[in-house]
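Step one of this worksheet: look at the structure below.
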Amino acid sequence: MPNSEPASLLELFNSIATQGELVRSLKAGNASKDEIDSAVKMLVSLKMSYKAAAGEDYKADCPPGNPAPT
């Protein structure tokens with residue numbers, strides 16, 4: 001299954017982007033501190049999983065499989 005890893009990395013990448021949007025919208029909407037903290041913890045967890053799987057930090061403009069912009 002050589003194609004399963006890039007797909008899962010891309011899914012994880014997209015999950016991080018989605019969670020980041022959620023955190024931004026919660027902050028903009030003046031959500032409770034507990035709600036924001038919970039969303040941020042999930043975001044950090046996703047980023048740690050991405051780093052473990054990809055071997056590098058998450059970069060918003062650099063999906064897995066694409067070279068970093070220069």
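The values are calculated or read from the model by the stated rules, or taken from the named source; none is laboratory data. Worth saying up front: this structure is predicted, and the values here are computed from it rather than measured. Cβ atoms come from the backbone with ideal geometry, glycine included; neighbour counts cover every protein chain shown. The area values use the complete protein model at the heavy-atom level, side chains included, leaving out ligands, DNA and RNA. Shrake-Rupley method; radii C 1.70, N 1.55, O 1.52, S 1.80 Å.
Against the numbered list (1) assigned to a loop (DSSP other than H, G, I, E, B); (2) in contact with a helix residue (DSSP H, G or I) (Cβ under 6 Å, 6 or more places away or on another chain), Met42 comes up short only at (1). Looking only at segment 18-39, residues that are charged (D, E, K, R) and either within 20 Å of Ser8 (Cβ to Cβ) or not in a helix (DSSP H, G or I) (or both) come to 0 in all.
Of the listed requirements (1) open to solvent by less than 60 Å² (accessible area, probe 1.4 Å); (2) of a type in the set (Gly, Ala, Ser); (3) part of a loop (DSSP other than H, G, I, E, B), Ser49 misses just one: (3).
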